[in-house]
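The values are calculated or read from the model by the stated rules, or taken from the named source; none is laboratory data. Everything quoted here is computed from the prediction, not taken from an experiment. With ideal geometry, Cβ positions are generated from the backbone for all residues, glycine too; neighbour counts draw on all protein chains shown. Heads up: the accessible areas ignore ligands, DNA and RNA and are worked out on the full protein's heavy atoms, side chains in. Shrake-Rupley method; radii C 1.70, N 1.55, O 1.52, S 1.80 Å.
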Amino acid sequence: MSAFRLSLSRELKHLHDDRGDRFLALWLMPLLCIFIWWIFSAGQPEQLPVAVMDQDQSPLSRQLIRLVDAAPGVAVTLDATDSKVAVDALRQRQIYGLLILPKGLQDSIYQGQPAELVLQLNSQYTTYASTLQRGIQQAIMTVGVGIHSDRLQRQGLYPEASLATVLPVQVLATPLYNEGPSYEVFLAATLIPALFQILAMVVTVSAIGRELRDGTAKAWLDSAGGSVLLALVSKLVPYFALLILYGAGYVLLFQLLAPASYAGSAVNIWSSFVLMIAAAMAIALLLVALTRNFRMALSLAGFYSAPAFAYSGQAFPLVAMPELAQYWASILPLTHWLKLYNQQWLAGAPWQAASTPWLVLLSMLLLGSISGYLLLKRSGFKAESWGAR
């Protein structure tokens, strides 16, 4: 049996015997992917609860309430009789907004006087607030435009002319890429790679670190014929193969779920995904080689990779972050892969237009793997480096 096969068999035997590591390598990633997809599978927030305080009690106010309730993402779940009831409901998160229709609303509008509605939103939850504000404003604008247009038509204007008078300036907004917009494409499809980066680093640290912790590094090296390079490749190849296989499943899943959202090549984005996984594993190797301590390397890997999505610029603009945060984002593989996700898979940009993230990921892979290999070769297999839990 060759040294590579012998060392590989040793790692596979460990996975067969160790239930915890086997679950970490085989089952954790697909379960997490399914769970994240399930959370955002609705695509858009729907039926967000609001309260309405109707102080006018007129046909117009009731029409407004019906239109608000029919707006996308909005559900009128509480008819508040006073502000105290509505505020208590807001504090208890039974509702996320309060719409107040003032007394005399209908009379003011029919007399051609301006009328003000009050919309109070719980802005602690920005997604809730923006969805409710957009839906309610559209409903109210529909009613307002209809009333004004009808009044102009009574004065002799044609319907088209009345609408042009009511809305003399309009914005033609053309959404590009994820036109929905779908949170399944925006969040689920980008959070899952963040989990891949975390798991890639954890399994790498665990696989190498336990050999140092348990003092079995010499037996590991001997099984690879004394070659550090062969020992590393044979140990990490099962985990790498599993991660890129699950990565192919991830790409295929979202390509099938939302084919209209993805303009780029699935094969191209999977190739970049493989490069991101390899870069994350290389950085994890470097952490183990630097610390030669299983617990410390695992802590550093968690500190480095766990908050990566928050710094990636996907949810909050990277250019609006402080310079230190931008620097931190630049050393995370996920940040650069998400650029490829947005530029190539969603927007369909050619690889020449998105070559920089590819080069950065490749640089991370080479720097992490070469440095980690040299450090581990120099001191990782010395007995004084063993036993650090």
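Just a few scattered comments:
- Within region 347-358, residues that are under 18 Å from Thr335 (Cβ atoms) have Cβ atoms under 9 Å from residues that are among the charged types (D, E, K, R) in these pairs: Ala354/Lys339; Thr356/Lys339; Pro357/Lys339, counting only partners at least 6 apart in sequence or on another chain.
- Taking the criterion of being farther than 28 Å from Val74 by Cβ, open to solvent by 50 Å² or more (accessible area, probe 1.4 Å) and out of contact with any Leu (no Cβ under 6 Å at 6 or more places or on another chain), the residues of region 22-44 that qualify are Phe23, Leu26, Trp27, Leu31, Ile34.
- The number of residues in region 212-230 being assigned to a helix (DSSP H, G or I), closer than 13 Å to Phe381 by Cα and open to solvent by 10 Å² or more (accessible area, probe 1.4 Å) comes to 7.
- Complete set of residues in region 1-21 that are among the acidic types (Asp, Glu), surrounded by fewer than 16 Cβ atoms within 10 Å (Cβ to Cβ) and under 13 Å from Ala207 (Cα atoms): Asp18
- Options Gln55, Gln47, Gln63; residue that is in contact with a Pro (Cβ under 9 Å, 6 or more places away or on another chain) and over 19 Å from Lys235 (Cβ atoms): Gln55
- Selection status of Pro114, open to solvent by 80 Å² or more (accessible area, probe 1.4 Å) and in contact (Cβ under 8 Å) with a residue 60 or more places away in the chain: no
- Each residue in region 349-371 was checked for being surrounded by 13 or more Cβ atoms within 10 Å (Cβ to Cβ) and over 21 Å from Ala278 (Cβ atoms), and 1 of them qualify.
- Residues that are surrounded by 18 or more Cβ atoms within 10 Å (Cβ to Cβ) and closer than 20 Å to Arg134 by Cα were ranked within region 55-66; the one that is nearest to the chain's Cα centre (by Cα) is Leu64.
- Filtered residue count, region 297-356, keeping only those that are of a type in the set (Gly, Ala, Ser) and either modelled with pLDDT of 85 or more or touching a Ser or Thr at 6+ places or on another chain (Cβ under 7 Å) (or both): 14
- Looking only at residues of region 249-301 that are touching a helix residue (DSSP H, G or I) at 6+ places or on another chain (Cβ under 7 Å) and of a type in the set (Val, Ile, Thr), we find that the one that is surrounded by the fewest Cβ atoms within 10 Å (Cβ to Cβ) is Val274.
- Note on region 118-134: among residues that are of a type in the set (A, V, I, L, M, F, W, C) and assigned to a strand (DSSP E or B), the one that is nearest to the chain's Cα centre (by Cα) is Leu121.
- Any hit, region 23-40, residues being closer than 30 Å to Gln120 by Cα and not aliphatic (A, V, I, L, M): yes
- Enumeration of residues in region 330-389 that are over 19 Å from Thr190 (Cα atoms) and of a type in the set (S, T, N, Q): Gln352, Ser355, Thr356, Ser363, Ser369, Ser371, Ser379, Ser385
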